[in-house]
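I have placed the structure first, in the form of structure tokens, so that the comments after it can refer back to it.
The values are calculated or read from the model by the stated rules, or taken from the named source; none is laboratory data. If you're wondering where the values come from, they're calculated on a predicted model, not measured in any experiment. All Cβ positions, even for glycine, are placed from backbone atoms using ideal geometry, and neighbour counts span all protein chains on display. To get the accessible areas, we keep the full protein, side chains included, count just its heavy atoms, and leave off ligands, DNA and RNA. Shrake-Rupley method; radii C 1.70, N 1.55, O 1.52, S 1.80 Å.
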2 protein chains.
Amino acid sequence: MASKQSTQHKILDAAQSLFAETGFNDTSLRQITSLAEVNLASVNYHFGSKKELIQAVLQRYLLVLMPRLDQEFIRLLAAQQPNSISQVLSVFVKPLLELNKVHQNGTRMFLQLLGRGYTDVQGHLRWFFNHHYGAVLDKLVLLVQQACPALPPSELFWRLHFSLGTVVFTMASNEALAEIAEADFNENVDIEGVILRLLPYLSAAIAAPVPTIAQFSQTAPVAAGEGR
Amino acid sequence: MASKQSTQHKILDAAQSLFAETGFNDTSLRQITSLAEVNLASVNYHFGSKKELIQAVLQRYLLVLMPRLDQEFIRLLAAQQPNSISQVLSVFVKPLLELNKVHQNGTRMFLQLLGRGYTDVQGHLRWFFNHHYGAVLDKLVLLVQQACPALPPSELFWRLHFSLGTVVFTMASNEALAEIAEADFNENVDIEGVILRLLPYLSAAIAAPVPTIAQFSQTAPVAAGEGR
DNA sequence: TTTAGATTCAAACGTACATTTCAAACAGGT
DNA sequence: ACCTGTTTGAAATGTACGTTTGAATCTAAA
């Protein structure tokens, strides 16, 4: 059944699974074409190169996710009074879960792939991402800034990246974590449950009080800078 | 100057830099021996294999760090009243920064390597780590449990893993993040600064209020809580 | 000085990789 | 049925990898 997919589709499906599991550089085109049951040369025929295949795998999700996120951000930015940090983070939930319509386990797949894009050395991916979706993320930064006016821009920058790490790492090891959680706590853990657990964690983290200079001076003379 | 190191030492130094920067699988022995200015075969002669070299690079730091952490944990566990979550997390700072005595930029190197160990696919490393240092980490779990008695065990489990993700991901992409931060905010970002930024973030996150069942049901109207 | 063990060296081994080539198979419009 | 452009196929190209080999060189005790 389901063998009447196009070669391109079969390649994309096989590639995303292997990429998510093993990383981009550690997954060979031979593994991909073998799993997809297509000829080795077809990757270069249909996608040009391995690099472009990686980008195509991500684009399948980004083209669905980012416009959805963008419209949510625009909606929040139009609000009269600033939104709370947990309101801002909440808008991620539905768009992310809708990636499950793109593909089975699409949400988990996408988030794992996103993590690989950051931890593997893929300069072309960073450029690709910022070039296509930088504007959307700028809106997010603005929203968080409004939600947490006490945060200096540089502190906000770091906390957003800390949060990205939380999400990405959790999704990367989701399978193992879910297994342990179910064995130890008898809890049925799906991707939605994990995302909902993340919300209060991240909300509290991003809005955490900023230590004063005095507190810093103990072990570290870090200049708390203001950005521009 | 400083050319009178043993071949093993030169290999370890070169390997840790390249491993931290590029990952374990994406760094070749030829790159390592070329940077170390030693013969290609000497890695296999002195360490046996690439796997064992990876473990040796990590052991140089773990043998210093873990006993220090262990004694800190034992000290905290002996306290009369339970320690706060930020007290518990604070004990990581000094032992981590003392890794700079093991080697220049030792702290950053070690944390990046730790991140690589989790994100790269290195089954042997996971086993190696749990086998040697599982008992130390059990003490940490106990301390956090005492600091946050309101947290159900399953929630604590997830939040500790969220936090591990924060640290590991941040260190894995530390170079890129530091570059951006310096370019955008004119901040000199060293590893100590990042660690000190992580403390309040993680403290607030781990101790975040646990949402009630009712709050879960909608899309997530999570109350923005105050830390501790 | 001799000698035995530890270390270094250049070269090769076998394997795996991304990519290219070009002929074969296929498709749909005429 | 014929042709044209698209897709697939098997094989080969050149490069890089981890590891092994065996001779050359060093080191230090006898």
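Listed values, structure above:
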{"quantity": "Interface size A-B, as summed buried accessible area [1.4 Å probe, Å², nearest 100]", "calculated": "4900 Å²"}
{"quantity": "Gain upon complete extension [B:T22, B:L142; 0.36 nm per residue less C-alpha separation]", "calculated": "39.7 nm"}
{"quantity": "Protein accessible area in the protein assembly as shown, 1.4 Å probe - carbon and sulfur %", "calculated": "55 percent"}
{"quantity": "Where Cα atoms sit under 28 Å apart: lysine pairs in the protein assembly as shown separated by 8 or more or lying on different chains", "calculated": "26"}
{"quantity": "Inter-copy separations for B:E98, label at 7 Å along Cα-Cβ, nm, ascending", "calculated": "5.3"}
{"quantity": "Per residue, the convex hull volume that the Cα atoms of chain A enclose (Å³)", "calculated": "168 Å³"}
{"quantity": "Estimated FRET transfer efficiency when R0 is 22 angstrom, pair A:S49-A:H131 (beta carbons, to 0.05)", "calculated": "0.80"}
{"quantity": "Inter-chain Cβ neighbour average for residues B:171-178, partner chain, 10 Å", "calculated": "4"}
{"quantity": "Shielding of B:187-198 by partner chains, average beta-carbon count, 10 Å", "calculated": "5"}
{"quantity": "Label 7 Å beyond Cα on the Cβ vector: B:L142 copy-to-copy distances, nm", "calculated": "5.2"}
{"quantity": "Hull shadow area, averaged, the range A:1-102 [alpha-carbon convex hull, nm²]", "calculated": "8.2 nm²"}
{"quantity": "Degrees between helix B:123-147 axis and first principal axis of chain B (Cα, 0 to 90, nearest 10)", "calculated": "30 degrees"}
{"quantity": "The range A:60-209, dipole about Cα centre (Lys/Arg Cβ +1, Asp/Glu Cβ -1), debye to the nearest 20", "calculated": "540 debye"}
{"quantity": "Nm distances between copies for B:R30, ranked from closest, using label points 7 Å along Cα→Cβ", "calculated": "1.8"}
{"quantity": "Heavy-atom accessible area per residue - the range A:60-209, 1.4 Å, Å²", "calculated": "42 Å²"}
{"quantity": "Principal axis box of the protein assembly as shown, alpha-carbon based, largest edge first, Å", "calculated": "67, 67, 50"}
{"quantity": "Residue-averaged 222 nm ellipticity for the protein assembly as shown, from DSSP H runs of 4+ at -39500 (n - 2.57), nearest 500", "calculated": "-23000 deg cm²/dmol"}
{"quantity": "Accessible-area ranking of B:E21, B:E182, A:E98, A:E21, largest first, probe 1.4 Å", "calculated": "A:E21, B:E21, B:E182, A:E98"}
